[in-house]
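Heads up, the thing below is written out as structure tokens.
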Amino acid sequence: MLVGKFDFNQEKSLPNGLGKKLGDRLGDTQQNILALMQNNPKISIIVLASELGISTTAIEKHIKTLKEQNIIKRIGGAKGGYWEKQTATVLVKEFEEKGILKEITGYERNKLFVFDKYLSIYSQS
């Protein structure tokens, strides 16, 4: 299971107008949900609602938004599942499983990946 650390830009400002960080795109409630999920990936909607003092309907709405933004993903069902943050590692693993990327070093760390289909098209021209 890969669960990333949730780091947010607390200042809400960006140097030189660079792109927005995750904390800038999320409201306080969504950041609090992510923090609770980080501490307990198996946390339920009922417990989230209780901890944050809002309705389960509101929690479900925020979770739906987080899923739509590909920030979190639910692995497994309501009883035995857990919440997973979509990190680059998770996405690369999914791309590998779907045959989009191919790992070429065989290393455990410092891996290199290629977009095999692109290379085959490029080598034909």
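Read-outs: derived from the displayed coordinates by stated rules, not from any lab. Small disclaimer: the values here were computed from a predicted structure and weren't measured. Don't worry about glycine lacking a Cβ; one is built from the backbone with ideal geometry, like all the others, and counts go over all protein chains shown.
Each peptide among 52-58, 83-89 gets the average number of other Cβ atoms lying within 10 Å of its residues, and from highest to lowest they stand as 83-89, 52-58.
Pairs from the list 42/98; 67/98; 61/111; 67/102 with a Cα-Cα gap above 29 Å: 61/111.
Note on residue 31 and residue 107: their simple-model spin labels are 3.5 nm apart, each label 7 Å out from Cα toward Cβ.
Order of 63-72, 32-41 by packing, highest average Cβ count within 10 Å first? Walk me through the numbers before you get to the answer.
Working: 63-72: 14.6, 32-41: 16.9.
So the order, starting with the most tightly packed, is 32-41, 63-72.
Taken along the Cα-to-beta-carbon direction at a fixed 7 Å, the label points for residue 82 and residue 43 span 1.5 nm.
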